[in-house]
1. Could you order Ser104, Ser26 so the one with the most accessible surface comes first? Probe is 1.4 Å.
2. Restrict the search to region 117-171; then list the GluC sites (Glu not before Pro) that DSSP places in a loop and that have at most 11 other Cβ atoms within 10 Å of their Cβ.
3. Using DSSP, restrict attention to beta bridges with both residues in the chain and report what percent are antiparallel, rounded to the nearest 5.
4. Add +1 for every Lys or Arg and -1 for every Asp or Glu among the other residues with Cβ under 12 Å from the Cβ of Gln89, and state the total.
5. Multiply the residue separation of Glu158 and Ile138 by 0.36 nm, subtract the distance between their alpha-carbon atoms, and state the gained length in nm to one decimal.
6. What residue among Val199, Val181, Val79 shows peak mean-square fluctuation when the chain is described by a Gaussian network model with Cα springs under 10 Å?
7. With 5 Å bins from zero, work out the P(r) of region 137-211 over every alpha carbon pair and list the percent per bin.
8. So for Asp85, Asp170, what's the accessible-area order with a 1.4 Å probe, most first?
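The values are calculated or read from the model by the stated rules, or taken from the named source; none is laboratory data. Because the structure is a prediction, the values reported are computed rather than measured. Note: ideal-geometry Cβ built from the backbone for every residue, glycine included; neighbour counts use all protein chains shown. To get the accessible areas, we keep the full protein, side chains included, count just its heavy atoms, and leave off ligands, DNA and RNA. Shrake-Rupley method; radii C 1.70, N 1.55, O 1.52, S 1.80 Å.
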Amino acid sequence: MHKVIEDLNWRYATKKFDPSKKISTSDIEVIKESLRLTASSYGLQPNHFLIIENVSLREELVPASYGQQQVLEASHLIVICAYNDLTEQHVDTYVESIISTRNSDPDRVKNYGDFIKKTFAEMSNEDKLTWASKQAYIVMGQLLHTCATLRIDSTPMEGFIPERYSDILDLKDKHLTPILVCPIGYRHEEDATQHLGKVRKDQTDLFDIIK
Ligand SMILES: Cc1cc2nc3c(=O)[nH]c(=O)nc-3n(C[C@H](O)[C@H](O)[C@H](O)COP(=O)(O)O)c2cc1C
């Protein structure tokens, strides 16, 4: 079996983590770099991440996660946020970064920036947050795969109350909205879910191959 398929079969949405097992600093660094390298629309990276080890904070987050204990029992909790104040400043910072990284013609890159700004100007704040949230889901996909490659367990989670997370984590002043959370760590041997088969559609139901 191909390594990619092996990794993807190995992972599952972990229901019970072993709280005694902690992810190494070097693996956390790989995960951070994977998050940094995730593709985003325009390349604007409208997301920000909290990587929470603090246990008392995570205890507070359990009730805000409908009682899901993974938030507390995992080694780390990643909160994927989206900026809810996408401004021209974000675009200008990005434009400067392209110019300095690629030594690009400033006028050409500024035109690209103006194009992005024009697109945003036509969107409501709600639309912009929806757009930034979609980028968060792309990050989640990459995070799950990276963790599986490292043989680190994970649980993609929408099951939490964003307002409560915002308050507990003091996100409002930072203009961040929590979109998804992902506890990461190591499965508990008692987690029965790990033994269940993968429930997925057949390929014939998923693909039309057009030649
Ligand atoms: C966006 C998203 C949100 C999810 N939210 C939760 C959640 O809050 N709690 C949970 O236990 N599982 C959650 N899941 C896990 C799914 O139920 C799981 O991925 C799906 O049933 C497929 O199973 P598998 O990931 O174990 O292969 C979520 C998955 C995704 C992709």
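1. Working: Ser104 30, Ser26 75 Å².
Sorted by accessible area, descending: Ser26, Ser104.
2. Details: sites: Glu122, Glu126, Glu158, Glu163; in loops: Glu122, Glu158.
The qualifying sites are Glu122, Glu158.
3. Numbers: 18 of 19 bridges.
That works out to approximately 95 percent antiparallel.
4. Details: positive: Lys117; negative: Asp85, Glu88, Asp92, Glu96.
So the surrounding residues net to -3.
5. Numbers: separation 20, 0.36 × 20 = 7.20 nm, distance 1.39 nm.
Fully extending the segment from Glu158 to Ile138 adds 5.8 nm.
6. Top of the fluctuation ranking is Val199.
7. 3, 11, 14, 16, 18, 15, 10, 6, 4, 2, 0
8. On the way: Asp85 45, Asp170 95 Å².
Accessible-area ranking of Asp85, Asp170, largest first: Asp170, Asp85.
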